[in-house]
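Worksheet: the structure to be examined is printed underneath.
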Amino acid sequence: MQQIMLMCRPGFETEAGQELMDSAAACGLFGYFQPIRNAGLVRFTLGGPESAFELMQRIPLGELVFVRDWFLVIGDCPLPARDRVGAVIEFLRGADWQGSLASRLETRLTETNEDRDLGNFARKWVAPLSRGLREAGLLAQDSDSAKGDRLELLLLDFETAVVGLSLADNRSPFPQGIPRLRLPASAPSRSALKLEEAWKVFIPEDRYLDYLGGGRKAVDLGAAPGGWTWQLVQQGMMVTAVDNGPMNPELMATGHVEHVRADGYAWRPKRAVDWMVCDIVDKPRKTARLALDWVGGKLCRYTVFNLKLPMKKRYEEWLICRDILLQGLAEAELNCRLRARHLYHDREEITCFIERLD
Ligand SMILES: C[S@@+](CC[C@H](N)C(=O)[O-])C[C@H]1O[C@@H](n2cnc3c(N)ncnc32)[C@H](O)[C@@H]1O
């Protein structure tokens, strides 16, 4: 397999392609990409003798920012209406597909799909297709495969599926790379979902209590009306909310929040806190330097902050911010973990996470 299908936020295809091209080149692998414009899809093709599998073995998905999810491409399979299951069987046989490679399959759609019939078809097709492929020896029995690699069928429309293989240890844990989160009625703003998604993406599921357990102290810069503060309070934290704007009254009534009307870039706590989060929309380099100042000065152990990307050169701006952060952390001689991701709930921004490991 020489090709990888990348999924990203629609409109960010070039950033995702460029990012993987650079990451691959850094590992000595060369390829090119073809965006499927505004569909949130990019085909990445390796130019050299190495396989796409080798690329996936060298680059963990979690190291990429704009690539939300990915799978190895086997090929494009035409789906004639009279027998779509038969067409997939024929296609996989023609591709020398080994039935032992996967025991499950998933159907996917583009994020921009608005055809509800195609959505219903994709959902209902999984059972008959799985049965057909198992009977044809093209899908292993569940018990045969402990690895959990998965056959993927991305339905571009009713006539074409891009067929591929996703690797259990190097794909998004969420269906289609998108965590489905529900906004509780008491949350003061939809932004609350961004912080929840950030935690889901950056914190290992089995270590939530180590990072978020009750009694911790947090600072929320640019807090109003209070979606992020609300999430921190839900975790049992005491929060200082810094914003000149008004905070949600019900949230203030919890007694867990102190509202400080001040400039979030200038304000500093008297004592170090566990978390600093920042959702201020401003120049990304300014916010990167702010985060660095907090972590470098040991004012917080963990931070989640957004970098608002400019209209043009969005990927380049991230690289500049990344350099500012990595260089600053190295100069401060701190052992830190930096992660960044274009979350599903992010629009024109990306979300970063830094954790001090000392
Ligand atoms: C995107 S909103 C934050 C939404 C918030 N995270 C939530 O979940 O409800 C950005 C906020 O940053 C505030 N802001 C902008 N510049 C600021 C600054 N220099 N210092 C503090 N707050 C600032 C704005 O007043 C606004 O309330």
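The values are calculated or read from the model by the stated rules, or taken from the named source; none is laboratory data. Small disclaimer: the values here were computed from a predicted structure and weren't measured. Note: ideal-geometry Cβ built from the backbone for every residue, glycine included; neighbour counts use all protein chains shown. Remember, those area values only see protein heavy atoms, side chains included, never the ligands or the DNA or RNA. Shrake-Rupley method; radii C 1.70, N 1.55, O 1.52, S 1.80 Å.
Structural remarks
- For the range 215-278 versus the range 47-77, the gap between their alpha-carbon centres in whole angstrom: 40 Å
- Positive-end extreme of charge dipole, the range 1-160 - chosen from GLY75, THR160, THR14 (charges on Cβ): THR160
- Length gained on full extension, ALA127 to THR45, computed as 0.36 nm times the residue gap minus the Cα-Cα distance: 26.4 nm.
- DSSP-defined beta bridges in the chain - what % are antiparallel, rounded to 5: 65 percent
- Restricted to Cα atoms, the range 306-349 shows a radius of gyration and a Dmax of 12.0, 34 angstrom.
- Carbon plus sulfur fraction of accessible area for the chain, probe 1.4 Å, in percent: 48 percent
- For the cross-link pairs LYS270/LYS298; LYS194/LYS313; LYS283/LYS313; LYS217/LYS286, the ones whose C-alpha atoms lie over 19 Å apart are LYS194/LYS313; LYS217/LYS286.
- Translational diffusion of the range 1-135, estimated by Stokes-Einstein from the Kirkwood radius over alpha carbon pairs at 4 °C in a medium of 1.567 mPa s, is 80 µm² per second.
- Summing Cβ point charges (Lys, Arg +1; Asp, Glu -1) relative to the Cα centre of the range 315-358 gives a dipole of roughly 220 debye.
- Beta bridges per DSSP, both residues in the range 192-356: antiparallel share near 40 percent.
- Selection from GLY213, LEU183, VAL126, by position along the positive dipole direction of the range 109-236 (Cβ): GLY213
- Fraction of antiparallel bridges per DSSP, the range 94-240 only, in percent to nearest 5: 40 percent
- With distances taken between every two different alpha-carbon atoms, the range 192-356 has a Kirkwood hydrodynamic radius of 15.9 Å.
- Accessible area expressed per residue, the range 3-177, with surrounding protein chains retained (probe 1.4 Å, Å²): 45 Å²
- Working ranking of peptides 112-118, 271-277, 69-75, 287-293 by packing, defined as the average number of other Cβ atoms within 10 Å per residue, highest first, is 69-75, 287-293, 271-277, 112-118.
- Taking the Cα centre of the chain as origin and assigning +1 to Lys and Arg Cβ atoms and -1 to Asp and Glu Cβ atoms, the resulting dipole is close to 740 debye.
- Here the label points at ALA185 and GLU63, each 7 Å from Cα along the C-beta direction, are separated by 4.7 nm in the simple model.
- Under the simplified labelling scheme, the ASN120-ASP169 pair shows an inter-label distance of 4.2 nm, with each label point 7 Å from Cα along Cα→Cβ.
- Whole-Å semi-axes of the ellipsoid equivalent to the range 183-278 (Cα gyration tensor, √5λ, descending): 20, 16, 12
- Radius of gyration and Dmax over the Cα atoms of the range 100-235, both given in Å: 19.7, 58
- Considering only THR229, VAL239, TYR265, the residue lying farthest towards the positive end of the dipole of the range 192-356 is TYR265, judged by Cα position with unit charges set on Cβ.
- Cα-centre dipole for the range 192-356 with unit charges at Cβ (Lys and Arg positive, Asp and Glu negative), debye to 20: 360 debye
- Rg ratio (alpha-carbon, reference 2.2 N^0.38 Å) - the chain: 1.10
- For the chain, the longest principal axis of the C-alpha atoms and the axis of helix 284-296 are separated by about 70°.
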